[in-house]
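Data block below; observations after.
The values are calculated or read from the model by the stated rules, or taken from the named source; none is laboratory data. Note that the structure is a prediction, hence the values are computed from the model and not measured. Quick reminder, even Gly has a Cβ in these numbers, built from the backbone with ideal geometry, and neighbours come from all protein chains shown. Quick note on the areas: whole protein, heavy atoms, side chains included, nothing else; ligands and nucleic acids left out. Shrake-Rupley method; radii C 1.70, N 1.55, O 1.52, S 1.80 Å.
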Amino acid sequence: MLKGRGYWLIHTQPILLCQASTGPGWADSPVSRPSGPLQNPLSFPPGVSTMAEDIQAKIKNYQTAPFDSRFPNQNQTRNCWQNYLDFHRCEKAMTAKGGDVSVCEWYRRVYKSLCPISWVSTWDDRRAEGTFPGKI
């Protein structure tokens, strides 16, 4: 790596790809070609997870809020507040319609990962008292 003008520059070299030669001697070589039927290189023994399964599990258990283009700055206070309101609005609307409240879970996960616990407990207390300033 090279450093220049405050930026790290990564020097890369081109990678040359070659096709396997099928010239004389290749078919006769016992080392270059396995005997018997070819096995699937992506098959794993039972109990060993694949990378795709690992990625799906990580996405399912992911606890951090993703990037939201409405809140591009480092200060995520407004993002926290908006997701708190959206969760309670969604919950209120779904219970009024008799629908499944679990569709609102996304908003809860986002505000739980962004908001300090003291803010959430204060807002919950104010909602219970009827003095909450947000429109739900």
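Six or more apart or on different chains, Cβ under 6 Å: which pairs go from a residue in segment 107-136 that's closer than 27 Å to residue 67 by Cβ to one that's of a type outside the set (A, V, I, L, M) and surrounded by fewer than 11 Cβ atoms within 10 Å (Cβ to Cβ)? Could you list them?
Filtered contacts from segment 107-136: 113/63; 113/64.
Provide a single number: the residues in segment 66-106 that are open to solvent by 70 Å² or more (accessible area, probe 1.4 Å), more than 18 Å from residue 116 (Cβ to Cβ) and not in a helix (DSSP H, G or I).
Qualifying residue count for the region: 5.
Collect the residues in segment 115-131 that are in contact with a Phe, Trp or Tyr (Cβ under 9 Å, 6 or more places away or on another chain) and not charged (D, E, K, R), keeping them in residue-number order.
115, 119, 120, 123
Filter segment 117-136 down to the residues that are part of a loop (DSSP other than H, G, I, E, B) and open to solvent by 50 Å² or more (accessible area, probe 1.4 Å), then identify the one that is modelled with the lowest pLDDT.
To start, the set of residues in segment 117-136 that are part of a loop (DSSP other than H, G, I, E, B) comprises 130-136.
Filter again for open to solvent by 50 Å² or more (accessible area, probe 1.4 Å), leaving 130-131, 133, 135-136.
Numbers: 130: 95, 131: 96, 133: 94, 135: 93, 136: 90.
Here the residue is 136.
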